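Comments concern the structure below.
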Amino acid sequence: MTAETNDALVIFTPSGKRGRFALGTPVLTAARQLGVDLDSVCGGRGICSKCQITPGYGEFPKHGVTVDEDALSEWNAVEDRYKRIRGLIDGRRLGCQAKVMGDVVIDVPPESQVHKQVIRKSATERVMVMDPATRAVYVEVEEPDMHEPTGDFERLARALAAQWQVEKIEADLSVLRRLQPVLRKGEFKVTVVLHKGNHDSTTRVLDIFPGFHEGPLLGMAVDLGSTTIAAHLCDLTDGRVLASSGLMNPQIRFGEDLMSRVSYAMMNPGGDIEMTRVVREAINTLAQAVAGEAGVDPAAIYEMVIVFNPVMHHLFLGVDPVELGQAPFALATSGSLSLDARDLDLTNLNRTARVYVLPCIAGHVGADAAAVALSEEPNKSRDMVLIVDVGTNAEILLGNETRVLACSSPTGPAFEGAQISSGQRAAPGAIERVEIDPVTKEPRFRVIGSEVWSDDPAFAEATKATGVTGICGSGIIEAVAEMRTAGLVDPGGLIGGPDQTGSARCEPHGRTYGYLLHDGSAEGGPRISVLQGDIRAIQLAKSALYAGARLLMDEMGVDSVDRVTLAGAFGAHISPKHAMILGMIPDVPLEKVTSAGNAAGTGARIALCSVAARDQIEATVHEIHKVETAIEPRFQEHFVNANAIPHAVDPFPNLGSIVSLPEVSFNPKSGGDEGGRRRRRG
C-alpha cells in the first residue's frame, strides 16, 4: 500500500482469496464479500467468538506483500473483555472487531470455518504383523530383604531378566519416583510398560502399574503433510485403528507450498521457530482428538511414529530448513530418529512417550515417501509400477524388484482446491464429482455430504444443510477433464466462447471466458465457475506431476508402465478416467490404475506395529535412487509438453479406446489471454 491509496490488499489463507478494501473495513466484512469461509452467529457484535482470525506480519514473498505491525486496527475493548472472560489465543483477533488499515495476510483457523474440512486421510484396512517396540508385561518382583541390600529397581531388573529375558533396563526419573509406592501397592506384583527400539541397546521402562493391569497400550501414527495432518490411534497389542482424526497444517498461513515456508524462514528471523511451534501444537491437538474419539486417556499413548517431507521434517524437529531451499538440498540428517516426546513439546502423550521418525530418502524425497515404499513395496513388484503420492508436493516412486527410483515434484496446492477461483478444501457442500453432457453442454455434480446428483429433484433437500459452497480438488479435476471431453476446452487449455462452444454457460470474464458450473445467486449462494486461470493452475499442477513421472521413466529406460497406484488423501479420490484425460499420469489401461488410500499413513502404522519393518525400510531407502527434478533439464521439456490436455507429444492409446476427445481449437478474445499467449509461444 502506498501513501496515496485509501485501500489495502487483504489476502486470506488457506483459501488464497484476495481483494482490495477501503481502510477501516472490518475483516469479517472483507471475508464475506470475498466468499471466505469465516463463521459468525452474533451479527458482528463480538459475542460469539466464531470469527477468530490470525493476522500474519512480515515478508510474504509468495503473495508479494509486506505486512506491517499496524496493518489491522488496534486491539479494542470488546476483544479485551472477551479475552479476559472467555480467553483468546495469543495472536488471534476477532474478525468483526479488527479493521483493515494496511496490506495484510489473514489466516482463518479450522475452528473459525463454517464448512470445516473433511480430512480424508482415513486409515485403510491392513493386516499388521505385530512386533511392536512398546509392550506391557506382568512381573513378580522379590520383596526387599535386610540381608540383601538391593534397590527396588535392581530387583525389578532381575525379575524382568528371569521371567521375560529382558536384559539391561533403564527408567526415567518420573518412573523411579513412582516405583516404590506402586510395588508395595501391588504387593510386588506389577505390570510394566517396556520400550525397545530397533537401535536401542537397553530397554526403557515407560510406566508401571500395581498388579495385573489391562489398560490400553496405544501408539499414534502421524502423517504430517504440507496441507493436512492426519493421525491414527492404534492398539499396540493387535494393530487395530481405534480412532482417526485430522486437521489443516497451521503452517499454511506462512506459505501454501514448501518453498514459500522456506522463504518465510529465510526472510523472517525466528520464522522457523514459529512454524515449529504451531505444528507441534497441532499434533498435541490431534492426540487429544483421537484419544477423545476413542474414549481413552491420552496418557495411554506411549509411542508415536511420524512421517513427512523433508521441509516438514526439519520444521517439526526444530531444524532451520534454509539448506533445503538451495542446491544441493542437504538434509541435516537423513537417518531414522528415536526421540523423547517431551523434547518435541508433545505434552498430550504419556510423559515418557517415545517418537520414531522414519528415514528420509534424499533432500526433497522424505520420510513420507519412505513410508509409501514400506506400505506399497515397489521393490518387491514383478511388474513396473508407478506410485504417485498426490499432494501439494507429490512424491513419485517407479520401479520393480530390480530397481526403484524416486523424485519429488512441486505440484502446488491447486489439487487441494487452492489457487482456484471458487476453490475450497474438501468440506461438506464442496463439489467433488462433475459430469458434462457432450451434446447439451449442461453439467451435473455431486457435493461432499450427499450422494444425490444436482439434476435430481431431491438435490435441494439433500443439500439443504450444507448448500453448494465451492469446488474441491477432485471436483476441479473432473470439471476440467469433462470440459475437455465436451469440447468446451481445447488441447491448449483455452476455454471457448458461447459462439464457439454452443453453450451460453461459457461467459466472458475479462479477456477470457469461464464456464458456469452452478448459479446459486437466486438463493443467496455463490456463482461457481471454472475460469481460464483455474484451467491454467490445473495445467501447471498436472504438468509437474506428469513431468516427474516421465523423468523417472527416462531414467529407468522405459516408455510405459504396467500399473499406476495413486496414493495420498487426494489421490484416493481422483477418478482414474479424468486423471488420464488431463494427462496427469502416463497412459495405462484404466483397470491398472488403483488407489492405495493414505499409503504414507499406512506405512507409519506398519512401522508403529513392527520393529522389523523399521529395519526393513531403513535398509530399503539406501537402495532407492533419487532423481533431482530441480536440476534435470529434461524435466522442463517434459513439463512444457505436458501442458497440453492430455499431452502435446506422448500418445494415449488406452485413453483413446475409452473416450474420444473433440478436435477443437479456440482463439483468445481480442487482446488475448496472457497465459494463452505464453503457451502458444512455448
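The values are calculated or read from the model by the stated rules, or taken from the named source; none is laboratory data. Since we're looking at a predicted model, the values are computed, not measured. All Cβ positions, glycine included, derive from the backbone under ideal geometry; neighbour counts span all protein chains shown. These accessible areas exclude ligands, DNA and RNA; they are computed on the full protein's heavy atoms, side chains included. Shrake-Rupley method; radii C 1.70, N 1.55, O 1.52, S 1.80 Å.
For this structure, a couple of remarks:
- Given the choices (1) 29.8; (2) 26.9; (3) 25.9, Kirkwood radius over Cα pairs in Å derived from the coordinates of this structure is entry (2).
- For the chain, averaging the sequence separation of C-alpha pairs within contact (under 8 Å, six or more residues apart) and dividing by the residue count gives a relative contact order of 12 percent.
- Of all DSSP beta bridges in the chain, antiparallel share, percent nearest 5: 70 percent
- Dividing the helix sum by the residues of the chain, where each DSSP H run of 4 or more adds -39500 (n - 2.57), gives a mean residue ellipticity at 222 nm of -8500 deg cm²/dmol.
- Sites matching chymotrypsin sites (Phe, Trp or Tyr not before Pro) across the range 440-477 that sit in DSSP coil, with at most 16 neighbouring C-beta atoms within 10 Å: Trp453
- All other residues whose Cβ lies under 10 angstrom from that of Glu395 are scored, Lys and Arg at +1 and Asp and Glu at -1, for a net of -2.
- Acute angle (nearest 10 degrees) that the helix 258-267 long axis makes with the longest principal axis of the chain, alpha-carbon atoms: 80 degrees
- Loop-located GluC sites (Glu not before Pro) in the range 368-425 whose Cβ has at most 16 other Cβ within 10 Å (DSSP): Glu401
- When each of Lys62/Lys441; Lys196/Lys626; Lys380/Lys592; Lys17/Lys83; Lys441/Lys542 is checked by Cα-Cα distance, pairs over 26 Å: Lys62/Lys441; Lys196/Lys626; Lys17/Lys83
- Fraction of accessible area attributable to carbon and sulfur, the chain (%, probe 1.4 Å): 50 percent
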